[in-house]
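**Student:** Take this structure, written in structure tokens, and hold onto it; I'll ask about it next.
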Amino acid sequence: TAHRSPNQPTIMNKLLFNIPRPTVPVFVRNAPRTTADTTALSVGGKPSEDESGKPPIEEIQSTSSSWVKSDLVFPVRRIYCVGRNYREHAIEMGGDPDREPPFFFQKPPDSIVVCSPQHPSSTSSTSIPYPPKTSSLHYEGELIVAISKDGFQIPVHNAMDHIYGYSIGCDLTRRDLQSDAKQKGRPWDAAKGFDFSCPLSPIVPQEEVFKSLPLVNHGDDENNHDRDDTHEEKLKKMQLILKVNGSIRQQSSIGCMIYSVSEIISHLSELFRLQAGDLILTGTPAGVSEVNVGDRVSISCGSSSGGIDGNFLMPCEFVIGPQNH
């Protein structure tokens, strides 16, 4: 072992430059919150507070409800994506719709673009530049799961305990590059992992989502009486809808996934150790197609029969802008 001379100066490693980690803001419903409630929303359990002991909030009015922005942000470590997790989408992409082990790919963390809600009086919208080297940019609306608890080889029945909250977003895809890569047996990185390829809404904590979801009547069977839905069952009843210029292009219940959220987490944790800060895009329904410059995309997730305004997650809205040069 080499020994350092007493007169030899200590060499300190220095970063050439600092690279900040991408973050996603956390929003909650507009309701009075206690300090204890706020602490529970923190990924690390230690939110910052102002002099009153409550986090500063910013109220955003939508057409029929209010959201408040907490001082919490979700730091993004990795972005995992599930391929062909809806039967009809697997068919439209030429795949086998039968249940087979799920496959995964990744997007770089800095591909996210947070599409924060706008005040009703605002005419601005988040702009996503049309990417270069493609003439076939496709939308893929998806439910996004935010992980806050580390885990490896997670059992399905424990998977929901690792979730911090949910978002909705779009897996933008250069479809022509993806098709070419498939034909040549090459990776999809250029098709899936380009700049601005993951627009998404702010994250809503899991307990906030399920407080808004309606209960389901299981009948008078003594074994089911007074039994509440599990979080997983409530998720399956949510409707994911993507519109382009106001017209519905994708619509499906989360329950139409081939693999449920719990199963996705369990399978993924067999391949990677999941850690706090991971996001999982859970797959897209049928109806994917092209968008062009000037098109407005809006994604929602909720139900017409429940919730404050039918939406249990923040909407994700953006417009396709011209290419950056």
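The values are calculated or read from the model by the stated rules, or taken from the named source; none is laboratory data. Just so you know, these numbers come straight off a predicted model, no measurement behind them. Positions of Cβ are generated from backbone atoms using ideal geometry, with glycine treated the same way; all protein chains shown enter the neighbour counts. The accessibility values were calculated without ligands, DNA or RNA, using every heavy atom of the protein model including side chains. Shrake-Rupley method; radii C 1.70, N 1.55, O 1.52, S 1.80 Å.
**Student:** Can you tell me the length gained on complete extension of the stretch Ser247 to Gln106, counting 0.36 nm per residue apart and subtracting the Cα distance?
**Tutor:** Residue separation times 0.36 nm, minus the Cα-Cα distance, leaves 47.8 nm.
**Student:** Let me ask something else about it. Need the C-alpha centroid separation for segment 223-299 versus segment 145-201, integer Å.
**Tutor:** Cα centroid of segment 223-299 versus Cα centroid of segment 145-201: 11 Å apart.
**Student:** Could you work out the local net charge near Pro108, counting Lys and Arg as +1, Asp and Glu as -1, over the other residues with Cβ closer than 10 Å to its Cβ?
**Tutor:** Net of charged neighbours comes to 0.
**Student:** Sort 273-285, 142-154 by the packing proxy (mean of other Cβ within 10 Å over each peptide's residues), most packed first.
**Tutor:** 273-285, 142-154
**Student:** Evaluate the distance, in nm, between pseudo-label points positioned 7 Å from the Cα of Asp150 and of Asn324 along their respective Cα→Cβ axes.
**Tutor:** 3.3 nm
**Student:** Would you work out which of Val293, Val261, Leu242 lies farthest towards the positive end of the dipole of segment 237-319, given +1 charges on the beta-carbon of Lys and Arg and -1 on that of Asp and Glu, about the Cα centre?
**Tutor:** Comparing the listed Cα positions along the dipole, Leu242 ranks first.
**Student:** When all protein chains stay in place, what accessible area (Å², nearest 10, 1.4 Å probe) is found for Cys81?
**Tutor:** Only protein atoms counted, so the area is about 0 Å².
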